[in-house]
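The values are calculated or read from the model by the stated rules, or taken from the named source; none is laboratory data. On a predicted model such as this, the values are computed, not experimentally measured, just so you know. Glycine gets a Cβ as well: all are built from the backbone with ideal geometry, and neighbour counts include every protein chain shown. Areas reflect the complete protein model, heavy atoms only, side chains present, ligands, DNA and RNA absent. Shrake-Rupley method; radii C 1.70, N 1.55, O 1.52, S 1.80 Å.
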Amino acid sequence: MGVAEPKAFEKLLLHRGIIDESRLDRARAEAQKNDMSLLAVIPQLGYATQESLYEVLAEFCEMPFVMLSRKGLEKEIAQKTPARFATHYGFVPVEERGGVLVVAISDPLNPQLLDDIRMVLRRRIDPVVTTPAEITRATKELYGVGADTMEKMLIEAEAEGPVLTLEGASIESDLGDDTIDASIIKFVNELILEAIQSDTTDIHIEPFEDSLRVRYRIDGILHQAPTPPSIRGFHAAIVSRVKIMANLNIAEKRLPQDGKILANFGENRYDLRVSILPTPHGETVNIRILSRSSMAMSMDQLGFLPEDMTLFNRFISRPHGIILVTGPTGSGKTTTLYAALAKLNQIDRKILTIEDPIEYQLSGISQMQVQPRIGFDFSLGLRSMLRHDPDIMLVGEIRDYETAEMAIRSSLTGHLVLSTLHTNDSAGAVTRLIDMGIEPFLISSTLIASVAQRLVRKNCTQCGEAWEPDRELLKVEFELSDEDLAGARFIRGTGCEHCRHTGYRGRIAIYEMLPFTDAIKEMTLQRANAGEIKKAALKRGMKTLRDAGWRRVYSGETTAEEVLRLTADADPVHQGES
């Protein structure tokens, strides 16, 4: 639709009650001022949704209106239509009816568009109207992220004529053409932008013998990103572009490399951690996306239950000792510790951290990053930190005896030490430290608490609905009574575009708090195993990860299946000693 909107269409909008006269006048002024379409301005101003506008537009043009996300798409039909045509003319092939191809468009007022589509496809078409957002989403689903960019690169590469390649060297060959380089830049940007918009935490670019797989990790689960099949031929160029962005050596293809990219999208800033590993079929790339806004969460935003918040605040208010946060990779341990540091960060306290890598730069806190290549590791950093008279110290991770021993020594000399440890549950921290070689009497005299955590996926707010689970199974798995189940609000997502048809969108933390009471310290001295320590703590009122998860199920925030999936390896109460 052009800048000058047909008056008849505007009258129909008014007649259908989509917008009133005063708002229409303002929308006209904004459209003229910014040289935009009225159809684009009205949703931006919040006066109407794209869907309602384009329904009226379809009626005005006497065409059917279709929401593609509700209809489902046939990939077999799309494969017969080149991506370069679909993306260039802005249409989506929907289905075939008696030899006629149904195509969805979002610009039915363009008189030349349908003739152009008929000409390039050389067949009869039947148009339907949908929204521009639906066209964009469906194009990505059918052809993959950056499909138009990839098609252009193929055409331009073919125009250069045949290329001489050596046996076994095609994977490592690079593309030197300036036009292709510009297209690669655009494609990689599209890949990252799509990941950020999808709330992705990691992008995996994985080469295989005859394919290149791109996957996004969203809410802890890997999803294959739709990409054009032709992407395999541009693998080396894509890796080179990522290396340039991360200031890595593009000539080095035999050794692992790590780097960092800073990115801005809207008002948000992102740190992209790049890791590259060599494989027999080329280099595999992992890009971890860290949003500075999500890393800078406050204690109130983490998802602590009220009693857990009280307990955790009591832990971090201690003047000296060690607090450990445990859990697998990606369970949000660092975010929890950063929130604790943000609360503790006051003018009368000196706070130092040593991390690998520094996930987020905290104002007012001195942070160091380990450099293993030059011998600067956690234990050496901790030794140096003590000379700076800190009150609070954060160690990114306790990995070995030297780091654990220095952390213990630091806490014994009057410092509060925060760190992470890879164990399944809170009680496992004790046995893990003993396995590293730390004497039990040192653990019992320094450890304030061990906090285990997991991130459970939340029910999608768009498609979540009430449902009735197997109550007998809940009683067994969560050790519940009929009274415990009374008043529960069971919700489950049915799957929609908003949650990528998973039923979940976003995550929330659940915690297991193990305070080191006199009884637990005595058991540590006696070298009790993790199961025995946990059972003793439960008798004194500790809530397990599964108990915390049940509270989230009870309130309708997540499902029992999600909690059981994440706590299966962390609950010796239900499966024997860990």
Reported set for the range 327-359 where residues are of a type in the set (Ser, Thr, Tyr) and surrounded by fewer than 18 Cβ atoms within 10 Å (Cβ to Cβ) is 329
Filtering the range 445-466 for residues that are loosely packed, with under 14 Cβ neighbours inside 10 Å and under 12 Å from residue 560 (Cα atoms) leaves a count of 0
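Looking at 123, 118, which one is open to solvent by 70 Å² or more (accessible area, probe 1.4 Å), more than 24 Å from residue 40 (Cα to Cα) and in a loop (DSSP other than H, G, I, E, B)? Let's see the steps before the verdict.
Details: 118 fails: in a loop (DSSP other than H, G, I, E, B).
The unique qualifying residue is 123.
Given the structure, is residue 418 in contact with a helix residue (DSSP H, G or I) (Cβ under 7 Å, 6 or more places away or on another chain), within 23 Å of residue 513 (Cα to Cα) and not in a helix (DSSP H, G or I)? Before you say what the answer is, go through the steps one by one.
Details: in contact with a helix residue (DSSP H, G or I) (Cβ under 7 Å, 6 or more places away or on another chain): yes; within 23 Å of residue 513 (Cα to Cα): yes; not in a helix (DSSP H, G or I): yes.
Yes.
Please determine whether any residue of the range 506-513 is open to solvent by 70 Å² or more (accessible area, probe 1.4 Å), out of contact with any Phe, Trp or Tyr (no Cβ under 6 Å at 6 or more places or on another chain), at pLDDT 90 or above and not in a helix (DSSP H, G or I).
Step one: of the range 506-513, the residues open to solvent by 70 Å² or more (accessible area, probe 1.4 Å) are 507.
With the extra rule that they be out of contact with any Phe, Trp or Tyr (no Cβ under 6 Å at 6 or more places or on another chain), the set shrinks to 507.
Retained after the next criterion (residues that are at pLDDT 90 or above): 507.
Those left that are additionally not in a helix (DSSP H, G or I): 507.
Yes.
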Please pick out the residue among 318, 273, 254 that is in contact with a strand residue (DSSP E or B) (Cβ under 7 Å, 6 or more places away or on another chain), closer than 22 Å to residue 363 by Cβ, surrounded by fewer than 19 Cβ atoms within 10 Å (Cβ to Cβ) and not aromatic (Phe, Trp, Tyr).
273
Filter the range 423-447 for residues that are more than 36 Å from the chain's Cα centre (by Cα) and outside any loop (DSSP other than H, G, I, E, B); which is farthest from residue 331 (Cα to Cα)?
441
Would you mind stating whether residue 486 is among the small types (Gly, Ala, Ser) and closer than 30 Å to residue 440 by Cα?
no
Need the failing condition index for residue 304 against (1) more than 23 Å from residue 272 (Cα to Cα); (2) modelled with pLDDT of 90 or more; (3) not in a helix (DSSP H, G or I), just the number.
(2)
Looking only at strands (runs of 3 or more DSSP E) that lie completely in the range 339-413, which have at least 1 residues being within 25 Å of the chain's Cα centre (by Cα) and among the charged types (D, E, K, R)?
351-355
Do any helices (runs of 4 or more DSSP H) entirely within the range 46-105 hold 3 or more residues that are open to solvent by 50 Å² or more (accessible area, probe 1.4 Å) and over 30 Å from residue 230 (Cβ atoms), and if so, which?
50-60
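Against the condition among the small types (Gly, Ala, Ser) and either within 15 Å of residue 275 (Cβ to Cβ) or open to solvent by 40 Å² or more (accessible area, probe 1.4 Å) (or both), how does residue 233 come out, does it pass? Before the answer, list the steps.
On the way: among the small types (Gly, Ala, Ser): yes; either within 15 Å of residue 275 (Cβ to Cβ) or open to solvent by 40 Å² or more (accessible area, probe 1.4 Å) (or both): yes.
Against the criterion (among the small types (Gly, Ala, Ser) and either within 15 Å of residue 275 (Cβ to Cβ) or open to solvent by 40 Å² or more (accessible area, probe 1.4 Å) (or both)), residue 233 qualifies.
Considering only the range 380-391, I want to know if a residue exists there that is among the charged types (D, E, K, R), loosely packed, with under 13 Cβ neighbours inside 10 Å, over 22 Å from residue 411 (Cβ atoms) and without any contact (Cβ under 8 Å) to a residue 24 or more places away in the chain. Spell out the reasoning first.
Taking the range 380-391 and keeping what is among the charged types (D, E, K, R), we get 383, 387, 389, 391.
The next check asks that each one be loosely packed, with under 13 Cβ neighbours inside 10 Å; those that pass are 387, 389.
Add one more test, that the residue is over 22 Å from residue 411 (Cβ atoms), and what stays is none.
No, the conditions are met nowhere in the range 380-391.
Quick check, is residue 324 surrounded by 16 or more Cβ atoms within 10 Å (Cβ to Cβ) and farther than 30 Å from residue 245 by Cβ?
Details: surrounded by 16 or more Cβ atoms within 10 Å (Cβ to Cβ): yes; farther than 30 Å from residue 245 by Cβ: yes.
When the stated conditions are applied, residue 324 passes them.
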Being at pLDDT below 90 and loosely packed, with under 15 Cβ neighbours inside 10 Å: is that true of residue 172 here?
yes
Considering only the range 328-359, how many residues are charged (D, E, K, R), under 24 Å from residue 261 (Cβ atoms) and at pLDDT 90 or above?
1
Mind listing whichever residues of the range 519-544 are open to solvent by 90 Å² or more (accessible area, probe 1.4 Å), in a loop (DSSP other than H, G, I, E, B) and at negative phi?
526, 540, 543
